[in-house]
Amino acid sequence: MKKIFEKKLFLNWINKEKDELNYNIKWVCESIGLFPVRDYDSSMYRLFLELLKDAKKNQKSTSDELAYKLNLTRGTVIHHLNKFIVFGLVEKEKNKYYLKEKNMKDIINFFEKETKKLFEELKKIAEKIDEEI
């Protein structure tokens, strides 16, 4: 049986209102749909930022370590990590999690490449639909 793997990507056109580090990180991540509107306590943002810091230091962290550093429940951390895994952004090795890309520019390049792949597949299917109609 073929294993189906789904990646999710949501692009949002968001007006950029200021130029400040934390705002820029949130703006980029919200523009590519990484953080849901319901991230009221910014837990997903804080987790992403911690993973980004780990990536810069070439480190990996357990869900318990991340929960402790961020003062979140392990369940919340696991929930958000699983979302990042679905996006194709985070991987797990043994019991440690890490970003597949080492910096923000590489993350954007990753999503650009994935988006191009998706649009190429959409074009193929669109051509097939057009031929069959």
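Taken together, the values in this text are just the output of simple stated rules run on the coordinates, not laboratory data. In this text the structure is predicted, and so the values were computed from the model without any measurement. Reconstructed Cβ throughout: ideal geometry from the backbone, glycine too, with neighbour counts over all protein chains shown.
Summary table below
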| item | result |
| --- | --- |
| Flagged links, alpha-carbon separation over 23 Å, of Lys83/Lys124; Lys60/Lys116; Lys18/Lys96; Lys16/Lys60; Lys56/Lys83; Lys69/Lys113 | Lys83/Lys124; Lys60/Lys116; Lys18/Lys96; Lys16/Lys60; Lys69/Lys113 |
| Sum of side-chain charges, Ile14 neighbourhood, beta-carbon under 10 Å (Lys, Arg +1; Asp, Glu -1) | 0 |
| Placed amide H near Ser61: partners under 5 Å, 5+ positions off or other chain | Tyr97 |
| Exposed-site-free run, longest, the chain (rule: chymotrypsin sites (Phe, Trp or Tyr not before Pro); DSSP loop; at most 10 other C-beta within 10 Å) | 41-133 |
| Spin-label pair Ser42/Lys18, simplified geometry with 7 Å Cα→Cβ offset, distance in nm | 1.1 |
| Lys100 long-range amide H proximity, modeled H, under 5 Å | Val90, Glu91 |
| Loop-located trypsin sites (Lys or Arg not before Pro) in region 14-80 whose Cβ has at most 11 other Cβ within 10 Å (DSSP) | Lys16, Lys18, Arg38, Lys57 |
| Qualifying GluC sites (Glu not before Pro) in region 18-87, DSSP loop, other Cβ atoms within 10 Å at most 16 | Glu20 |
| Shape of the chain, Cα gyration tensor, a/c cut at 1.5 | prolate |
